[in-house]
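As structure tokens, the structure follows; a few thoughts come after it.
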Amino acid sequence: MFRPIVSPLIVTAFLALCACPVLAQQITGQVRYTDTGQAAFNLIVKCDGTGARSEVFTDRSGNFRFNVTPGHYTVSIHMPGYIAEERSVDLVDNFSSEYIFFRLKPDGAGTKPLNSNPAVGPNVPPAAQEEFEKAEAALASEKKESVEEGVQHLEKAISIYPKFVQALLRIGTAYMDLAQWDKAEQALKKTVEIDPKAANAYFALSEVYLRQKKYDQAEKAIQDGLAIETHSAQSHLTLARVYWEKVAGVKEEAQWRPSLEKSYQKVNQALQLDANLAAAHLLKGNLLFKVRRAEDALHEYEEYLRLDPQGQSAEQTRTLADKIRKALAQEKKP
């Protein structure tokens, strides 16, 4: 599955030993379709409760995870054409955890609508659905050859039924895994042409543009998605990344500060929606470090390490956090 990337910290990475606080409690689970048994990929799962409101996308295997604190939570899913589901979770202490298994059931007698937009037409033909299911099975693996096999099945599904929205979105993200950005863009743009309310397609499209440093297009795509799904913490974070990366390497403060201020605003919005979004704490730390607020940056780096101690930027972050601590200690010496 394609993964959002936060710009790496500008430090030389080397092994640093640093104590890290205990992880927060977790609510984990999986979502599958009742009618086919296949995993539900790229579906928004929401968690609302004691700590804060959070949302994540399911991965290729339909899995999701929330880092939370003890308390009461409601975890919910909704997909057009399927019955909405929710579960209540009570985590009573620091040792509690919960696993939830959702089964998506078609909303209607004997039908399997894949899209709520009436312009899509009748149900997906069985032959196209069969190819889609074969693609899902292949894409359960992240190996390049498996992704390529999944793409072949999706191409067949779309050739049978060109308005197969779910297959177009799926092939768009598969092309992203293969770094075939032009094909990904084409598939995702076709998705939103057929279903203008497909927020996930806009979010994925913004990632395509961001990876290619097409910042203006990335900004527009993410704003189009946020106009539909306003409470997406991940997408507010993506927009913050757009503003952050847009001025990477710019030396004149008068040129980079306005964009960094926008980034700071959006990353705070992301954290208001999901206080446990580790990557948002990392980016906020970078923003604060850029404007020489070292002590505040250290707090954000420590929070990132608490939430994601094995993350892709964890080693570099530990190194930088250790340097900041030493520098602050030196400043406090008489």
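Listed values, structure above:
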| item | result |
| --- | --- |
| Filter result for ALA279 (under 21 Å from the mean Cα position of the chain (by Cα) and either outside any helix (DSSP H, G or I) or not charged (D, E, K, R) (or both)) | yes |
| Residue that is surrounded by the most Cβ atoms within 10 Å (Cβ to Cβ), among those in segment 251-276 that are among the charged types (D, E, K, R) and assigned to a helix (DSSP H, G or I) | LYS266 |
| Candidate set from segment 196-238 (those that are among the polar types (S, T, N, Q) and open to solvent by 10 Å² or more (accessible area, probe 1.4 Å)); member that is farthest from CYS47 (Cα to Cα) | GLN212 |
| Boolean, LYS189 is open to solvent by 70 Å² or more (accessible area, probe 1.4 Å) and in a helix (DSSP H, G or I) | yes |
| Leading residue by the ranking (nearest to ARG241 (Cα to Cα)) among those in segment 281-314 that are modelled with pLDDT under 90 and open to solvent by 70 Å² or more (accessible area, probe 1.4 Å) | GLN312 |
| Residue within segment 319-334 that is more than 21 Å from the chain's Cα centre (by Cα), open to solvent by less than 70 Å² (accessible area, probe 1.4 Å) and of a type outside the set (A, V, I, L, M, F, W, C) present | yes |
| Per-region count, segment 86-127, residues under 25 Å from LYS197 (Cα atoms), at pLDDT 50 or above and in contact with a strand residue (DSSP E or B) (Cβ under 7 Å, 6 or more places away or on another chain) | 7 |
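The values are calculated or read from the model by the stated rules, or taken from the named source; none is laboratory data. Computed from a prediction, not measured in an experiment: that's the story for all the values here. No Cβ is skipped: glycine too gets one built from the backbone with ideal geometry, and neighbour counts run over all protein chains shown. Surface areas here come from the heavy atoms of the whole protein model, side chains and all, with no ligands, DNA or RNA. Shrake-Rupley method; radii C 1.70, N 1.55, O 1.52, S 1.80 Å.
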